[in-house]
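The values are calculated or read from the model by the stated rules, or taken from the named source; none is laboratory data. The structure displayed is predicted, hence computed values, not measured ones. In this analysis, Cβ positions are derived from the backbone assuming ideal geometry, glycine residues included, and neighbour counts consider all displayed protein chains.
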Amino acid sequence: MSRYHLGVDIGGTFTDVVLLDNETGRYTTAKSPSTPNNLSNGVINGIKKLVTDLSEVDFFVHGTTAGINALLERKGAKMALVVTKGFKDLYEIGRANRPEIYNIQYRQPEKLISRRHIIEVEERMSADGSVDNPLRKNDLEQLVESLENQDFDSVSICLIHAYKNPDHEKMIKEYLQERLPTMSISLSHEMVREWREYERISTTVINAYVAPIIEDYLEKLEKEAELNGLRSNLHIMQSNGGVMTAEVAKEIPVQTLMSGPVGGTIGSIEVGQNSDHQNLICVDMGGTSFDVSLAVDGEPDVTAEAELEKFPIMTPMVDIHTIGAGGGSTAWVEGGGLRVGPESAGSDPGPACYGKGGNRATVTDANLILGRIDSESFLGGDMSLDVDAAYKVIEDIANKLGLSIVETAEGVCDIANAKMADAIRTLTVSKGIDPRDFALVAFGGAGPLHAMFIAEHLGINKVKIPAIAGTFSAWGMLQTDIRHDDVRTYVSVLDESDVTEMNGLYEEMKISTKEILSQQKIQEEDMLFQCLADLRYAGQEYTVTVPLYTTIVEEKSLEELKESFHDKHFNIYGHNNRDGIVEIVNLRLIATGYIDKAKQGKNLGAAEKEAFPIQTKPVIWENKRKNTTVYSIDDLFPSHKITGPTIIETPSSTIVVPENFVVEVDNFGNLELTRGE
Amino acid sequence: MSLEQNLKENPITTEIIRNALISAAEEMNESLARSSYSPIIYEMKDCSVGIFNENAELLGQSSGLPFFLGNLDECINLTTNYIGGKDKYSPGDVYLLNDSYLAGAHLNDMTVISPIFYQEELVGFSATRAHWLDVGAKDPGSPTDATEIYQEGIRIPPTKIYSKGEPVKDVIDLITMNSRFQGSALGDLNAQIAACRTGERRFNEVINNYGLEKVRRAVDDIFKQSEIIDRDNIASIPDGIYEEEGYLDNDGVTNDPVRVKVKVIVERENINIDLTGTSLQRTGMTNCGKAQTISACRVAFKHLIGSESPVTGGNFKTMKVFVPERTIMSAEEPAACGWYFTPLGLLIDLVIKALSPVLKDQSAAAHYGDSMVITLYGSDNREDTSFLYVEPTAGGWGGFAKDDGQSGLINNANGDFKNMPVEVLEGKYPLKLKHYGLRNNSGGPGKSRGGLGVIREYEICSDDASLTLWFERSITPAWGLFEGQSGSPPNVTVQKNDSVESMLKVSGKSLESGDIVKVETGGGGGFGPPFHRTPELVREDVLDGYIDTNDALNEYGVVLTEDWEIDYEETLNQRNK
């Protein structure tokens, strides 16, 4: 076995690198400025800070933002879309809904393909999968002509009922491959084998949109890494919480979109596990962003459908909720009341204290006035903050409210913390979860700053702060396995389901995912398949996903599925109907390929001496200025126990510990904070 | 003393409590939408929830439909009066009502109310309203040609369905057995009760955290803040009298157009909406109770001038609505109220139009106007069962100062409703969609173009099917503003063998396999003179097929060459003609 495991995560400002040395069991980390014009430069520069000869790297995993950036900046491929005749506008109309119900000037997000580049072909499948109108070769020649004339990078083919019978999609692909061999082609049924055409089109189109960018990026990176000696596969973090090889990532680039943030969720699960916390609320808070995800029973909470940039994506993703509150949230006065958010000052100009011309008070400005963050060591000292500017904007609000500056600053933080807690509670309640049964894991530059206050509001008793909170996503990526998901729509009353047909569909999915796993050099004995089903009461739209106990459907499985469904429905919604008719809608399969994983790191052992603060400084706690001890995380070891109020500085963030929390250190250097009465 | 100086509680505590109450309402809605049985609730979000204090004043609300903004409070007051006062409530009680003349909406909208107690003191209410699929009207779902409320389903005054935590089984059965879909009715009722319980639990948690006195003081302040915001917003509108009127095609039974007339009087911090001149109540179903009319006026206000802050019991204090008795907006027995939202949609559009001269940036030209509902029902030969398919149809929205109107978007009454995917529709019903797309050339010309309507073409695959249609606004299609032009009116054709027939409203027309129903919805109105639209944008519209070269020439005065380039010289000539 080679020596190193390497994890790399690209962020907006920095590229984070984490290296595990298997010989010593130690992790080392590095940060290098991200290089937006050629992301792989930043990656290689960062790696070289830690290891020069990549031939010693046995496992290299990477979270890339190349795809999501292309989507956000609308810099993807020039595409054509081929659809069934009569349905040219399905993509433009979407679901025709208006989420902002009091907005008479509502506009949908601008689509990734303009109407003139959508081409209809005459063909039609029926809902039962039979051919209603056959596809004709002559029409395809016409299609080739219209594609030839414009220089498209890729074409997506999305036909009605292709989830049920994909023959026509396949036939068009075959024909086009022959006539236009350089064209990149995406088929909707290969992306998602599930009904609902708009969502399937949207998923396929996004995949095609980011495909050339991802391919280009990965090829460059692979070449660079190879030049530096890398002999093992490059692995890419997927949105579903698993990894895949770069080769597979080029086929399904849509799965790289949440590549970065997911690393944090997976890392949280690992950190939770060594103190027996299986149920976690994972909070990733940067200077201006606030993402929340959940882990239940040690597994990431994965949703079958997510939305990015208001476009639906129907492939499984770790459910990451971006909440409209964070360090950048602005404070303002309305009707004599104090409001915080939902508007954010963003990162440019950002909070007033960034000194980039921002003139609106933000949560970060308030934290600075309270002494909770330091003007010189904010986000690991990446930028120094302008205290005077913070005072000025908060004073303006204080005057309007008739409060002192300090009172106002603390109020702004309290409101923001309470709002973040409210948002987390709504999220957990909608999933039938009581947040009080969960531990909170906080990371990112600003996560540890707010975590204890949020925990207080939610009635959460345990908070974990990872030892390497600043490069945590990259670290988390080293804790994963290979994962692939598949789905088949199969609509039937559960009691009347055809067990043979179900087994046939599961088998089909096993064969196709097994192939993807083998392609990534996973041996059969390291593969695990889990069968699941989406169920609902007849008449309902939303489904609940429940696992089968076995990998083969037996007669008794249907009864077991039904029982699990009734129970889970009760847990989520607070009621169920045991006499109700239960329907199957989709069959799902999760294929896992186990890989040799990194260890948590070296056991730290007990401290040799007591923990001494590096300084004391004045900090505001409940409207009172108190001299407060400040520790460095480097000085804290497993036998130490520190009682709040205190502040702990880490290289990448500041941990604010109010009075009723006690801080302890686990064997791997992660902090565990316990809330007292 | 100004209102600001009257605020009593610390603004920080007040704000935390305000946010907690809003989030509590969101949790109620989450619970309701996700556990209900009817697609009309979980998919169309035809529901609304709220938490109220003991005086039935709104603390936090979450609404799936804009129309349900603020009239649950009215239902609580009516219930309290009906049962003989607040001291008649016990912990664990639940009440249900749907009467149109009390609650304002149609009988399908069921309102569930539950008192909230804290240490044996009545401290508030939680309430939910949701649309039940069927309440036993003469036809499945909702008829289009009822002439009396007695044909529209079971009519329920405030009725106790849970007593001290125990279900009143016989009463619940009596109500749900009047639905053609009893299981779904019971499922939806349970979802509504569960949502009320969620609201009750969260409100109690807030009181536990802060103490009842502190919560009450904060709530007083929250109301005052809302009032200040309203007063400031209204004061910013120039004083004046703003009038408009418009027509519905008919009431579905008799043929005369239905008139809606609004007079908006703005005087300093007060706004009065006077509906005098609106049609007297009609034989057909375009009537609604006054409670819902007031709610619609509040929605218009919220669209145009309200702040983004969620509504509370402190809002609308300086808004008055006057409706003469026995009009379509203040219906009394025995008026049928099934399509109550059709005149209300027009009312909202007219208030926006009336105020547009003084609120140009906030306004928009009219949208296509109504829900444009198609109902298909009959027997499903494949499975030997019956089916009922009901769907509102999207259309074009009006252009506005900054942008074109949105194409293919659901009407204002339906909020965040999502259309039914073609694949799901064909999988569930004996229907086939031959065509679903945008209706070219239907957007009203303007500097900002109106959005396009849609076309949906259904082929019937059942030998025993019936069609019911409710399409509207052909007499008053989506108007333009500031010299923008109207969008196209709606159109529906039914093709049987070789004969083609046009109609907009019909009840239970029989159809058989192979018949084709083609519905076309209207486009939105244009905003600003069409000749002020840049030739480049007009060309883009032609290239994408939203308009054709005829419209480019005749409506926009833009001339394109054979290879689709702009002929600037000719365009200038056209525009200067």
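Just name the residue that is nearest to the other protein chains (Cβ to nearest Cβ) out of those in the stretch B:1-13 that are in a helix (DSSP H, G or I) and modelled with pLDDT under 90.
B:Glu4
Working carefully through the options B:Val351, B:Val358, find the one that is modelled with pLDDT of 95 or more and either aromatic (Phe, Trp, Tyr) or part of a loop (DSSP other than H, G, I, E, B) (or both).
On inspection, the qualifying residue turns out to be B:Val358.
Could you name every one of the helices (runs of 4 or more DSSP H) located completely within the stretch A:9-96 that has at least 3 residues being away from every other protein chain (no Cβ under 14 Å) and among the small types (Gly, Ala, Ser)?
A:39-48, A:66-72
Of these, A:Ile185, A:Ile118, A:Ile157, which one is within 14 Å of chain B (Cβ to nearest Cβ), of a type in the set (A, V, I, L, M, F, W, C) and either touching a residue at least 12 places away in the same chain (Cβ under 8 Å) or more than 30 Å from B:Arg539 (Cβ to Cβ) (or both)?
The match here is A:Ile118.
Restricting to the stretch B:150-206, and then to whatever is surrounded by 15 or more Cβ atoms within 10 Å (Cβ to Cβ) and in a strand (DSSP E or B), can you tell me which residue is nearest to the chain's Cα centre (by Cα)?
B:Thr159
For the stretch A:153-184, what are the residues that are buried (at least 20 other Cβ atoms within 10 Å of the Cβ) and not in a loop (DSSP other than H, G, I, E, B)?
A:Ser154, A:Val155, A:Ser156, A:Ile157, A:Cys158, A:His168, A:Glu169, A:Ile172
Counting only residues that are charged (D, E, K, R), outside any strand (DSSP E or B) and either closer than 19 Å to A:Arg193 by Cα or within 9 Å of chain B (Cβ to nearest Cβ) (or both), how many does the stretch A:124-141 have?
1
Return the total of residues in the stretch A:191-250 being within 14 Å of chain B (Cβ to nearest Cβ), among the β-branched types (Val, Ile, Thr) and in a helix (DSSP H, G or I).
Final tally of qualifying residues: 2.
Please tell me if A:Ala389 is surrounded by 23 or more Cβ atoms within 10 Å (Cβ to Cβ) and not polar (S, T, N, Q).
No; evaluated as a whole, the condition is false for this residue.
I want to confirm something. Restricting to the stretch B:18-41 and keeping residues that are modelled with pLDDT of 90 or more and more than 9 Å from chain A (Cβ to nearest Cβ), which single residue is surrounded by the most Cβ atoms within 10 Å (Cβ to Cβ)?
This residue is B:Met28.
Tally up the residues in the stretch A:25-75 that are over 17 Å from A:Glu219 (Cα atoms) and of a type in the set (Gly, Ala, Ser), please.
Residues flagged as over 17 Å from A:Glu219 (Cα atoms) and of a type in the set (Gly, Ala, Ser) within the stretch A:25-75 amount to 6.
Looking only at the stretch A:490-546, filter to residues that are away from chain B (no Cβ under 14 Å) and assigned to a loop (DSSP other than H, G, I, E, B); which one of those is nearest to A:His575 (Cα to Cα)?
A:Ser497
Among all residue pairs at least 6 apart or on different chains, which show Cβ distances below 6 Å where the first residue, located in the stretch B:327-356, is among the charged types (D, E, K, R) and the second is in a loop (DSSP other than H, G, I, E, B)?
Pairs found: B:Glu332/B:Arg326; B:Asp349/B:Ala366.
Restricting to the stretch B:207-219, what's the tally of residues that are more than 12 Å from chain A (Cβ to nearest Cβ) and in a helix (DSSP H, G or I)?
Residues meeting the conditions: 8.
Which of the numbered conditions does B:Met285 fail, given that it passes all the others? Conditions: (1) aliphatic (A, V, I, L, M); (2) assigned to a loop (DSSP other than H, G, I, E, B); (3) over 22 Å from the mean Cα position of the chain (by Cα).
Failed condition: (3).
I'm checking my understanding of the structure. Among residues of the stretch B:431-465 that are in contact with a Gly (Cβ under 8 Å, 6 or more places away or on another chain) and of a type in the set (A, V, I, L, M), which one is farthest from B:Gly398 (Cα to Cα)?
B:Ala465
Is it true that some residue in the stretch B:432-439 is farther than 24 Å from A:Thr84 by Cβ and of a type in the set (Ser, Thr, Tyr)?
For the stretch B:432-439, residues farther than 24 Å from A:Thr84 by Cβ and of a type in the set (Ser, Thr, Tyr): absent.
Output the number of residues of the stretch B:429-468 satisfying the condition of being surrounded by fewer than 22 Cβ atoms within 10 Å (Cβ to Cβ), more than 13 Å from every other protein chain (Cβ to nearest Cβ) and not in a loop (DSSP other than H, G, I, E, B).
Final tally of qualifying residues: 1.
Would you please name the residue that is nearest to the other protein chains (Cβ to nearest Cβ), looking only at residues in the stretch A:442-473 that are of a type in the set (A, V, I, L, M, F, W, C) and more than 24 Å from A:Gly411 (Cα to Cα)?
Checking each candidate, the answer is A:Ile465.
Each row is one residue, and each column tells you yes or no for (1) modelled with pLDDT of 95 or more; (2) touching a Phe, Trp or Tyr at 6+ places or on another chain (Cβ under 9 Å); (3) under 30 Å from B:Pro167 (Cα atoms).
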position: B:Met177; (1), (2), (3): yes, no, yes
position: B:Ala195; (1), (2), (3): no, no, yes
position: B:Glu200; (1), (2), (3): yes, yes, yes
position: B:Arg216; (1), (2), (3): yes, no, no
position: B:Ile241; (1), (2), (3): yes, no, no
position: B:Arg259; (1), (2), (3): yes, yes, no
position: B:Val262; (1), (2), (3): yes, yes, no
position: B:Glu269; (1), (2), (3): yes, no, no
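Condition (residue is at pLDDT 90 or above, buried (at least 22 other Cβ atoms within 10 Å of the Cβ) and within 14 Å of chain B (Cβ to nearest Cβ)) applied to the stretch A:340-356: is it met by at least one residue?
So far as the stretch A:340-356 goes, yes, one or more of its residues are at pLDDT 90 or above, buried (at least 22 other Cβ atoms within 10 Å of the Cβ) and within 14 Å of chain B (Cβ to nearest Cβ).
In the set A:Val553, A:Val585, A:Val546, which member is within 25 Å of A:Thr315 (Cβ to Cβ) and under 25 Å from the mean Cα position of the chain (by Cα)?
A:Val546
Identify, from the list B:Gly484, B:Gly514, the residue that is over 27 Å from the mean Cα position of the chain (by Cα) and either modelled with pLDDT of 95 or more or not in a strand (DSSP E or B) (or both).
Among B:Gly484, B:Gly514, only B:Gly514 is over 27 Å from the mean Cα position of the chain (by Cα) and either modelled with pLDDT of 95 or more or not in a strand (DSSP E or B) (or both).
B:Val253 fails exactly one of the following numbered conditions: (1) crowded, with 17+ Cβ neighbours inside 10 Å; (2) assigned to a strand (DSSP E or B); (3) of a type in the set (A, V, I, L, M). What is the number of that condition?
(2)
Table: residues versus (1) of a type in the set (A, V, I, L, M, F, W, C); (2) in contact (Cβ under 8 Å) with a residue 60 or more places away in the chain; (3) touching a Cys at 6+ places or on another chain (Cβ under 6 Å).
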site	(1), (2), (3)
B:Ile41	yes, yes, yes
B:Ser48	no, yes, no
B:Leu72	yes, no, no
B:Ile76	yes, no, no
B:Gly85	no, no, no
B:Ile116	yes, yes, no
B:Trp132	yes, yes, no
B:Pro143	no, yes, no
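Do we find that A:Glu395 is acidic (Asp, Glu), within 13 Å of chain B (Cβ to nearest Cβ) and over 20 Å from A:Ser652 (Cα atoms) in this structure?
Judged against the criteria, A:Glu395 is not a match.
To keep it simple, each residue is scored yes or no on (1) within 22 Å of A:Gly242 (Cβ to Cβ); (2) surrounded by fewer than 21 Cβ atoms within 10 Å (Cβ to Cβ); (3) in contact (Cβ under 8 Å) with a residue 24 or more places away in the chain.
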position	(1), (2), (3)
A:Pro466	yes, no, yes
A:Ala469	no, no, yes
A:Leu478	yes, no, yes
A:Val487	yes, no, yes
A:Val491	no, yes, yes
A:Val499	no, yes, yes
A:Gly504	no, yes, no
A:Met509	yes, no, yes
A:Glu515	yes, yes, no
